[in-house]
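Everything on this sheet refers to the single structure shown next.
The values are calculated or read from the model by the stated rules, or taken from the named source; none is laboratory data. Because the structure is a prediction, the values reported are computed rather than measured. Ideal geometry is used to build each Cβ from the backbone, glycine not excepted, and the neighbour counts take in all protein chains shown.
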Amino acid sequence: MTTLSLATILAEAARRRPDHLALVEGERRLTFAELWRQARTQAAALGALGVRPGDKVALMAPNTAEFPRAYYAILAAGAVVVPVHLLLSAGEVAHVLRDSGAKLLLCHAGQAAIGGEAAAATDARMVTIGPEVRVPGADGRLEDLAETVAPLPTYVTREAEDPAVVFYTSGTTGVPKGAVLTHLSLVMNATTNAFDSHEVQQDDITLGTLPLYHTFGQTASMNSSWRRGATLVLQPRFDAAAALELMVREGVNTFQGVPTMYVRLLEAAGEAAELPRLRRCVSGGASLPVPVLEKFTEVFDTEVYEGYGLSETSPTAAVNQPVFGTRAGTVGHAIWGVDVEIAAPEPADRIELLPAGEPGEVVVRGHNVFAGYLGRPEETEAALVDGWFRTGDLGTKDDDGFLRIVDRKKDLIIRGGFNVYPREVEEALLRHPGIAEAAVIGLPHPTHGEEVCAVVIRDKHAAAAPTAEEIIDWSRERLAKYKYPRRVEFVDAYPLGPSHKVLKRELRARFADGAA
């Protein structure tokens with residue numbers, strides 16, 4: 001039996017750097033020793049509540065100190081963390097509780113209304129964490145219970161392949177399902193991020209503004225920083241102007257975010273009194289438009305390393321890395337110990353790898369790949385084929401090994417029999433001086449099957465606001481005849497998911513009727 005626990009990340013940081021600052025959140029400052037003691041005490045409290053090794057415990061909290069403390073408490077108790085997205089409805093939270101089999105929901109007091117409704121609809125108990133407020137329906141407060149017990153001496157031992165975290169997918173293609181990540185896959189992902197891909201320094205300070213309930217923020221920001229013994233500064237809710245001020249005030253030199261965050265930081269930079277001195281920036285979650293990358297690099301005088309991954313891959317699968325050099329428009333090379341290749345999308349029941357340069361489906365294998373979808377053997381079998389995970393993303397890999405994500409299979413537009421990749425059209429549109437953001441979607445068309453539609457946010461700083469006709473004419477000169485958008489819609493903001501991705505399915509539903 002090979003033993004390993006994700007709790008080791010915080011435990012070892014506390015053993016090696018007990019007095020080093022682990023966490024900053026507002027006025028709260030906790031060293032690694034303090035945070036680990038608090039987590040072990042809450043782990044003992046969970047045991048008093050009846051939580052046993054292998055049990056699922058749901059965690060619903062924002063980016064405050066309560067999240068990492070409860071997260072590591074669950075792990076230290078030998079239980080499995082089930083993070084809950086904060087933007088879910090009560091019915092959706094209830095689905096997560098039922099589907100995961102969680103009998104306990106640790107819910108921040110600020111989310112207790114939705115959490116309580118969800119728990120009441122299931123067999124789960126709700127215990128609050130955070131502010132000392134009376135919450136109807138709650139079965140006590142974890143911090144209060146922790147005052148009545150002694151901390152566990154250490155974490156409960158688990159096997160390396162035991163489940164550690166169950167991430168629920170955003171449900172873009174149906175009912176959300178739980179991706180089961182093991183202690184081994186998550187520890188390895190944090191380790192390769194910290195020591196191989198970018199070599200996190202012990203005195204680095206990372207801004208934790210990505211939601212910790214999401215795999216990107218949880219692994220790349222929190223676990224990877226603490227794997228190296230570095231400091232994490234939390235921002236409970238992303239606000240670009242406030243993020244710049246916070247980074248300057250706390251000396252943050254590391255930023256990880258999704259493309260929409262980079263766009264907002266660029267907008268806020270023009271009004272900021274001072275910009276942070278960033279040493280390392282990582283973008284993921286969606287494709288970062290090259291014009292945004294170029295402008296951010298110029299304004300902040302730093303390198304942006306674009307990467308790629310999914311909940312099912314812990315999440316990092318590939319990233320631009322200093323050892324291989326960077327290439328704009330790509331997501332770099334596979335991380336240490338992982339294979340990322342391009343395969344033929346069909347047949348679905350076997351993997352046929354394609355030569356360099358040929359487009360196909362991105363497939364991944366290695367220590368980062370999940371164990372399967374909880375309680376869904378058929379979907380697991382369809383996703384894990386010949387030892388590879390089928391991502392559902394389309395990409396290419398060049399002769400130098402750089403991976404380029406073309407688009408999601410479901411976002412591919414087929415116009416008149418020709419494939420149109422939205423990302424390529426978006427990249428072109430973002431070079432228009434009057435466009436701040438662009439999302440390209442396919443809409444039903446009686447003749448062509450689908451028509452290319454650009455949903456645009458105008459640049460409020462532009463000298464003149466472009467019209468739809470001007471954008472169409474501009475695009476026609478720069479894109480192939482079957483690629484340029486024949487339809488342009490303007491919006492003030494995009495619908496965003498819990499991980500700040502643009503929800504293109506909602507844009508398609510909004511504009512599918514042909515109304516301007």
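Search the stretch 9-63 for residues being small (Gly, Ala, Ser) and more than 28 Å from the chain's Cα centre (by Cα), and hand back the single one that is nearest to Thr148 (Cα to Cα). So, considering only residues that are small (Gly, Ala, Ser) and more than 28 Å from the chain's Cα centre (by Cα), the one nearest to Thr148 (Cα to Cα) is Ala45.
Give the stretch 39-86 a look and list any residue that's among the hydrophobic types (A, V, I, L, M, F, W, C), outside any helix (DSSP H, G or I) and surrounded by fewer than 24 Cβ atoms within 10 Å (Cβ to Cβ), or say none.
Leu49, Val51, Ala65, Leu86
Among the residues of the stretch 463-505, which ones are within 30 Å of Ala220 (Cα to Cα), surrounded by 15 or more Cβ atoms within 10 Å (Cβ to Cβ) and not β-branched (Val, Ile, Thr)? If the condition is that a residue be within 30 Å of Ala220 (Cα to Cα), surrounded by 15 or more Cβ atoms within 10 Å (Cβ to Cβ) and not β-branched (Val, Ile, Thr), then Tyr494, Pro495, Gly497, Pro498, Ser499, His500, Lys501, Leu503, Lys504, Arg505 are the ones that fit. Please specify each residue of the stretch 285-304 satisfying the condition of being in a loop (DSSP other than H, G, I, E, B), within 18 Å of Glu437 (Cβ to Cβ) and not aliphatic (A, V, I, L, M). Result: Gly285, Ser287, Pro289.
Looking only at residues that are part of a helix (DSSP H, G or I) and β-branched (Val, Ile, Thr) in the stretch 256-268, which one is nearest to the chain's Cα centre (by Cα)? Among those residues, the one meeting the criterion is Thr260. Of all residues in the stretch 469-481, one or more are closer than 22 Å to Arg408 by Cβ, out of contact with any Phe, Trp or Tyr (no Cβ under 9 Å at 6 or more places or on another chain) and assigned by TED's automatic domain parsing to the domain that holds Arg505. When Glu161 is tested against (1) of a type in the set (Asp, Glu); (2) in a loop (DSSP other than H, G, I, E, B); (3) over 26 Å from the mean Cα position of the chain (by Cα), just one condition goes unmet, and that condition is (3). Taking only the stretch 131-158 into account, find how many residues are aliphatic (A, V, I, L, M), exposed (fewer than 15 other Cβ atoms within 10 Å of the Cβ) and under 31 Å from the mean Cα position of the chain (by Cα). Matching residues across the stretch 131-158 total 1. Please tell me if Thr191 is under 19 Å from the mean Cα position of the chain (by Cα), surrounded by 15 or more Cβ atoms within 10 Å (Cβ to Cβ) and either among the aromatic types (Phe, Trp, Tyr) or not in a loop (DSSP other than H, G, I, E, B) (or both). Yes: the conditions hold for Thr191.
Restricting Gln218, Gln235 to residues that are more than 30 Å from Gly392 (Cα to Cα) and touching a residue at least 60 places away in the same chain (Cβ under 8 Å) narrows the list to Gln235. Somewhere in the stretch 414-427, is a residue outside any helix (DSSP H, G or I) and surrounded by 21 or more Cβ atoms within 10 Å (Cβ to Cβ)? Yes, the stretch 414-427 contains at least one residue that is outside any helix (DSSP H, G or I) and surrounded by 21 or more Cβ atoms within 10 Å (Cβ to Cβ). From the list Val369, Val340, the one residue that fits, being buried (at least 17 other Cβ atoms within 10 Å of the Cβ), in contact with a Leu (Cβ under 8 Å, 6 or more places away or on another chain), part of a loop (DSSP other than H, G, I, E, B) and not assigned by TED's automatic domain parsing to the domain that holds Ala102, is Val369. The set of residues from the stretch 119-136 being within 27 Å of Arg28 (Cα to Cα) and either at pLDDT below 95 or in a loop (DSSP other than H, G, I, E, B) (or both) comprises Gly130, Pro131, Glu132, Val133, Arg134, Val135. Consider Asp459 carefully, then state whether it is touching a strand residue (DSSP E or B) at 6+ places or on another chain (Cβ under 8 Å), assigned by TED's automatic domain parsing to the domain that holds Trp336, among the acidic types (Asp, Glu) and at negative phi. Taking the combined requirement at face value, the residue does not satisfy it.
Only one of the listed residues (Glu450, Glu437) is touching a strand residue (DSSP E or B) at 6+ places or on another chain (Cβ under 6 Å) and either farther than 25 Å from Pro291 by Cα or not assigned by TED's automatic domain parsing to the domain that holds Pro495 (or both). That residue is Glu450. Against the conditions (1) in contact with an Asp or Glu (Cβ under 6 Å, 6 or more places away or on another chain); (2) within 20 Å of Phe296 (Cα to Cα), Leu234 satisfies every one except (2). The condition of being modelled with pLDDT of 90 or more and not charged (D, E, K, R) holds for only one of Leu507, Leu496, Leu412, that being Leu507. Taking residues in the stretch 251-279 that are over 13 Å from Thr302 (Cβ atoms) and touching a residue at least 24 places away in the same chain (Cβ under 8 Å), and partners anywhere that are outside any helix (DSSP H, G or I) and basic (Lys, Arg), the pairs with Cβ atoms closer than 9 Å and at least 6 places apart or on different chains are Gly251/Arg277; Val258/Lys501; Pro259/Lys501; Thr260/Lys501; Glu267/Lys460.
Condition test on Val149, is it assigned to a strand (DSSP E or B) and modelled with pLDDT of 95 or more? No; evaluated as a whole, the condition is false for this residue.
Regarding Val331, is this residue buried (at least 22 other Cβ atoms within 10 Å of the Cβ) and part of a strand (DSSP E or B)? No: the conditions fail for Val331. Among residues of the stretch 1-27 that are free of Cβ contacts under 8 Å to residues at least 24 places away in the same chain, those with a beta-carbon under 6 Å from a residue that is surrounded by 14 or more Cβ atoms within 10 Å (Cβ to Cβ) and small (Gly, Ala, Ser) at least six positions away or on a different chain give the pairs Ala14/Ala33; Pro18/Ala33.
Yes or no, residue by residue, for (1) in contact (Cβ under 8 Å) with a residue 40 or more places away in the chain; (2) closer than 30 Å to Asn368 by Cα; (3) not aromatic (Phe, Trp, Tyr):
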| site | (1), (2), (3) |
| --- | --- |
| Val127 | yes, no, yes |
| Asp144 | no, no, yes |
| Val165 | yes, yes, yes |
| Pro176 | yes, yes, yes |
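Within the stretch 210-255, being assigned to a strand (DSSP E or B) and over 12 Å from Glu25 (Cα atoms) holds for Thr254, Phe255.
When each of Ala58, Ala44 is tested for being in contact with a strand residue (DSSP E or B) (Cβ under 8 Å, 6 or more places away or on another chain) and either modelled with pLDDT under 95 or of a type in the set (Gly, Ala, Ser) (or both), the lone residue that passes is Ala58.
If you scan the stretch 428-437, which residues turn out to be assigned to a strand (DSSP E or B) and crowded, with 18+ Cβ neighbours inside 10 Å? Once the filter is applied, which keeps residues that are assigned to a strand (DSSP E or B) and crowded, with 18+ Cβ neighbours inside 10 Å, the stretch 428-437 yields Ile435, Glu437.
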